[in-house]
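Below you'll find the structure, written out as structure tokens, and then a few comments.
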Amino acid sequence: MQESVMQAWWDSSHMAGANAPYIEEMYEAYLDDPQGVSQEWREVFDKLPKVDGVELDTNHTLIKDKFRTLAAMGPLSRVGVSASSAGSNTHSDEKQVKVLQLINAYRFRGHQHANLDPLGLWQQERVRDLELSHHNLSESEFDSVFNVGSYAIGKESMPLGDLFKSLNRTYCGSVGAEYMHITDTEQKRWLQQKIESVEAKPEISKEKKVAILKGLIAADGMEKYLGSKFPGAKRFSLEGGDSLIPMLKGLIHEAGEVGTKEVVIGMAHRGRLNVLVNVLGKNPSVLFDEFSGKHDESLGAGDVKYHAGFSSDFATAGGNVHLALAFNPSHLEIVNPVVMGSVRARMARREYNSGNVLPITIHGDSAIAGQGVVQETFNMSQTRGFAVGGTVRIVVNNQVGFTTSKTEDTRSTQYCTDIAKMVQAPIFHVNSDDPEAVLFVTKLALEYRNKFKRDVVIDLVCYRRHGHNEADEPNATQPLMYQKIKKHPVPRALYADQLIAEGVISDREVDKYVDEYRAALDHGACVVEEWRPMTEHSVDWRPYLGHDWDVPYDGSISVTELKGLGRKLVTFPEDVKLQSRVNKLYQDRKAMIEGEKPLDWGMAENLAYATVVNGGNPIRLVGQDSGRGTFFHRHAVIHNQTDGSTYMPLQHISDNQGTMEIYDSVLSEEAVMAFEYGYATAEPSCLTIWEAQFGDFANGAQVVFDQFLSSGEAKWGRLCGLAVLLPHGYEGQGPEHSSARLERFLQLCADHNWQVCIPSTPAQVFNMIRRQIVRPMRKPLVVMSPKSLLRHPLAVSSLEELSEGVFHNVIGEVDDLDAKKVKRVVMCSGKVYYDLLEQRRKNEQTDVAIIRLEQLYPFPQEECAKVVAQYSHVKDWVWCQEEPQNQGAWYCSQHHFWQAIPEGATLTYAGREASASPAVGYVSVHNQQQKALVEDALTIK
Ligand code: AMP
């Protein structure tokens, strides 16, 4: 190849250094057999060493380095490098290279000239790389035959004119394929093969065409029906994005054919009613009843119809596929990690990573670009703890977010889907008015996901026929767009005309399908032919239904069994070398299990997990640095000092044990917590735990606490046994790492929606963990978990206390006080108990009793009454807390405290003054405050 040609390659604007591995591969092939590569490359390889002054066969590495450096320095083309490239004699080598550059330009930037907007309103910038003249080519050369390199059209060479037309059909039609950002050569080649071989427009059978038309008729028919029966009612119509219906049905059919057994779908409200009826087979009469105001009384608080989930089975050529549409709050995009967590749980039940559970998430165009949780889920998509074998992500891109449509207002990227490039996901933009193109990219996306186990995005470019909801007036904010929409034919009509023109179907048949669909709605019958009653899902939730938190259970376990399990926890293969501090800790644990030392927190917690997996239940513990534990206390995952490998004693408890998974999570709270919520709502037998690094980190997941964890059962009847561990306690670490914001959780308490616990001893944490899974009840557990108590000399327990199997919701006085002489009773929770106890012992006081409330919600009135009974003569009751007065339990739980104390007694507050900040930033001030509040609680006035 000539120097000038090399120069031209360097000058090309869209070549990337990422081609280096490919060139290296080719160089390897050249070394094996110089005839195995094209003449042009042979010439390059022949010449290059001389440039370096190095003999070809003596310094292979240096030559590879040379290429690597060149590739890293500047753009380097890989086009026109097929092994069979012949180097035509009909034109100069330079022209040939230009042709190959033209192909590459279309691969890189063809999507920018694709016909994607059904309304034709998109302003497309001129892309000179897609013009012949940019490559020094012209129409006058259309008859010249060029080698097409790796262009996967199935021909080695083509006349320039044919090639140019083919490139335009392939890359600038109804599909805009973006995939050249992928660095993996295999994936890129695979995609090129799939797209170019059919010019992005494969043949479609008549049968499939009719199925697409029926899908569009259903999508349109459903909205028209609702619009006429319930005018003005909010339904968040799909109209304009009608292709979503044949698309989803096509996707499920294709997935079923290749062995998918379950599909979990997440979507916001736009088009949801349509999907419920036309894909999942929800009975239309049930939906119409909901529009008329009827509802299922058993569902508690309930939710609006466009947030509803649904489950059904769907018949495909490969067997029935179970469909689950996840319930969804209005908070956009948050359902995506929930769906992924649910999928991961289902995958764990089935053959892991076989691709037989498919997540589909449906996004809005403004939301996918705007909501940070989307980035979090992309970041999680390939990680050990959260991978789900790839998600098919569909953007219903109606080009408006509520009333905002100017892209300079909605995002800073060219496409709303650009965020997907962070994981190098292929992105297929597609004009939704071309439903055959939509089906093509849908199948391609599924194949890609199944083959490479990675995320893939379909940007369904459409429009929204009405306002944000049907009562809104869209002309107020989008006048030009809506003038256009008003005149734009509906997708059903456009496609019916196409099929009539193709002779596939007659207009009478079209009318017949439309009438049939409407008649089915009139009858209120299921309109999805493929609908089947549920048999494919594998969890029976009935044993968990109808229990409250105080359901009786037997959690006891013998000391002998505990010792047996404990010994397994402290046994390692010989080649596992522990770090010296960890070794010391494990030596202590050995002594604890032999009864030579009292048990500490870390040991009790690990023992609890051992009993759970030994009983056959799986455990999934996920959080920031959870393997070791933020506070160096857990050490459930041991890092071998010899080779850096890890060993988890909890995975070696017994042959039939439940699986034990502990993952250090990605550094996110919102998506991770939502993922675990999704996991726990799909798998009741698994003890699922999310741990925050510090309790206040849970703030980042507030939407998940509000919209899902606290209210999911009330709104949707969905049980969830997720436990969240939130380190909490005032140790003078400043405003950020003291408080897990107990008050926020207490404020959300009602209807026995979850449990809020503050265990104060290792035995309590042991039994709290066991209670959560041994009981048949599944409700979320919010734990204010300790920090300094992890090593507090008084916070210890015996094996006997663990073996009792009871979590004490209230713990009465532990010192030998004469109840009759008690003049004041202090009630408290958490770490402050030990401050009070130590100070009282120091003071040698016998007239103040201390009661610990270990569960603040549901408030344990009965147990409390039993403990309080012996102090019925006491009039002076105090609630003591470390948190400022406006925080902690004082305001939110006070009504329970008043109810608990004897009639006529007074209840006063001992704690910090109200404060805007959770804690002071100075240790000295903290110490003063702590001393004062303890004194205040213990001093009888
Ligand atoms: P799914 O596999 O999510 O489609 O659920 C199938 C059926 O199981 C649902 O229709 C519910 O009856 C039941 N179910 C699923 N998840 C829960 C849950 N978290 N709580 C109670 N019942 C559930």
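Of all alpha-carbon pairs in the range 819-941, indicate the percentage at a distance above 24 angstrom. Value for the range 819-941: 24 percent of Cα pairs lie more than 24 Å apart.
Near S785, the amide H atoms lying under 5 Å from its own belong to L726, H728; only residues 5 or more places off or on other chains count, and H is placed 1.01 Å from N.
Go through H488, V504, H523 and say which Cα lies farthest out towards the positive end of the charge dipole of the range 484-549; charges sit on Cβ, +1 for Lys and Arg, -1 for Asp and Glu. About the Cα centre, the residue reaching furthest to the positive side is H488.
Report Rg(Cα)/(2.2 N^0.38 Å) for the range 387-478, keeping two decimals. After normalising by residue count via 2.2 N^0.38 Å, the value is 1.23. Accessible surface area normalised per residue over the range 602-739 is 27 Å², counting heavy atoms of protein chains with a 1.4 Å rolling probe. Does the range 662-721 classify as rounded, prolate or oblate by the C-alpha gyration tensor (a ≥ b ≥ c root eigenvalues; a/c under 1.5 gives rounded; else a/b over b/c gives prolate, otherwise oblate)? Oblate, since a/c reaches 1.5 and b/c is not below a/b. Dividing the convex hull volume of the alpha carbon atoms of the range 638-742 by its residue count gives 138 Å³ per residue. Here the range 292-404 has an Rg and Dmax of 16.0, 47 Å, counting Cα atoms alone. With θ taken as phi - 60° and the Karplus curve 6.51 cos²θ - 1.76 cosθ + 1.60 applied, the whole-hertz 3J(HN,Hα) list for the range 853-868 is 9, 8, 10, 8, 8, x, 5, x, 4, 5, 5, 5, 4, 5, 6, 5 Hz, x standing for glycine and proline.
If you count the DSSP beta bridges with both ends in the chain, what percent of them are antiparallel, to the nearest 5? In the chain, DSSP labels about 30 percent of beta bridges as antiparallel. Here the Karplus curve 6.51 cos²θ - 1.76 cosθ + 1.60, taken at θ = phi - 60°, turns the phi angles of the range 362-374 into couplings of 10, 10, x, 5, 6, 5, 5, 7, x, 8, x, 5, 5 Hz, with x standing for Gly and Pro.
Only aspartates and glutamates eight or more places from K261 in sequence, or on another chain, were considered; those with a Cα closer than 14 Å are D313, E351, E536. Once you order the gyration tensor axes a ≥ b ≥ c over the Cα atoms, which shape class does the range 704-812 get: rounded for a/c under 1.5, otherwise prolate or oblate by comparing a/b with b/c? Oblate. Measuring spread by the Cα atoms of the range 408-565 yields a radius of gyration and Dmax of 25.9, 81 Å. Protein heavy-atom accessible surface, 1.4 Å probe, per residue over the range 460-563: 59 Å². Taking a ≥ b ≥ c as the square roots of the eigenvalues of the Cα gyration tensor, an a/c ratio below 1.5 marks the range 595-662 as rounded. Among the protein heavy atoms of the chain, carbon and sulfur supply 50% of the accessible surface, probe 1.4 Å, non-protein parts ignored.
Dipole magnitude for the range 635-732: about 260 debye, using +1 per Lys or Arg Cβ and -1 per Asp or Glu Cβ, origin at the Cα centre. Dipole magnitude for the chain: about 1140 debye, using +1 per Lys or Arg Cβ and -1 per Asp or Glu Cβ, origin at the Cα centre. Computed on the Cα atoms alone, the convex hull of the range 147-270 gives a volume of 179 cubic angstrom per residue.
For the listed residue pairs K98/K453; K224/K305; K305/K484; K155/K451; K214/K421, the alpha carbons are over 29 angstrom apart in K98/K453; K305/K484; K214/K421. On the principal axes of its alpha carbon atoms, the range 531-650 extends 59, 35, 26 Å, with the longest extent given first. Please report the antiparallel percentage of the DSSP beta bridges confined to the range 242-339, to the nearest 5. Taking every DSSP beta bridge within the range 242-339, about 65 percent pair in antiparallel fashion.
Computed as a quarter of the hull surface, the mean projected area of the alpha carbon convex hull for the range 110-186 stands at 6.3 nm². For the chain, the direction-averaged projected area of the alpha-carbon convex hull comes to 46.2 nm². Taken over the range 545-656, lysine pairs spaced eight or more positions apart, or on distinct chains, with alpha carbons under 15 Å apart number 4.
Were the residues from D507 through V258 laid out at 0.36 nm apart, the gain over their Cα-Cα distance would be 86.2 nm.
In loop segments of the range 192-262 as defined by DSSP, the GluC sites (Glu not before Pro) with at most 16 further C-beta atoms inside 10 Å of their C-beta are E203. Report, ordered by chain and residue number, the aspartates and glutamates lying within cross-link reach of K823, taken as a straight Cα distance under 17 Å and ignoring same-chain residues fewer than 8 apart. Partners found: E813, D815, E844, D847, D876, E903, E935, D936. Taking amide H positions as modeled 1.01 Å from N, with prolines and chain starts lacking one, the residues under 5 Å from Q755 and 5 or more places away or on another chain are L781, V782. Annotation: the range 236-368 has a Kirkwood hydrodynamic radius of 15.5 angstrom, from the mean reciprocal C-alpha pair distance. Give me the log10 of I(q) over I(0) for the range 266-335 at q = 0.16, 0.22, 0.27 Å⁻¹, as the Debye formula computes it from C-alpha points; what are the numbers? Reported log10 I(q)/I(0), two decimals: -0.60, -1.03, -1.31.
Residues in the range 487-492 carry Karplus couplings, in order, of 8, 7, x, 6, x, 4 Hz; the curve used is 6.51 cos²θ - 1.76 cosθ + 1.60 with θ = phi - 60°, and Gly or Pro positions show x. For I458, the residues 5 or more places off, or on other chains, whose built amide H falls under 5 Å of its own are R393, I394, V395, F428.
The residues of the range 885-924 present an accessible area of 53 Å² per residue when probed at 1.4 Å with all protein chains retained.
The values are calculated or read from the model by the stated rules, or taken from the named source; none is laboratory data. All values reported here derive from a predicted model rather than from experimental measurement. Every residue, glycine as well, gets a Cβ built from its backbone with ideal geometry; the counts of neighbours run over all protein chains shown. Accessible surface areas use protein heavy atoms only, side chains included; no ligands, DNA or RNA. Shrake-Rupley method; radii C 1.70, N 1.55, O 1.52, S 1.80 Å.
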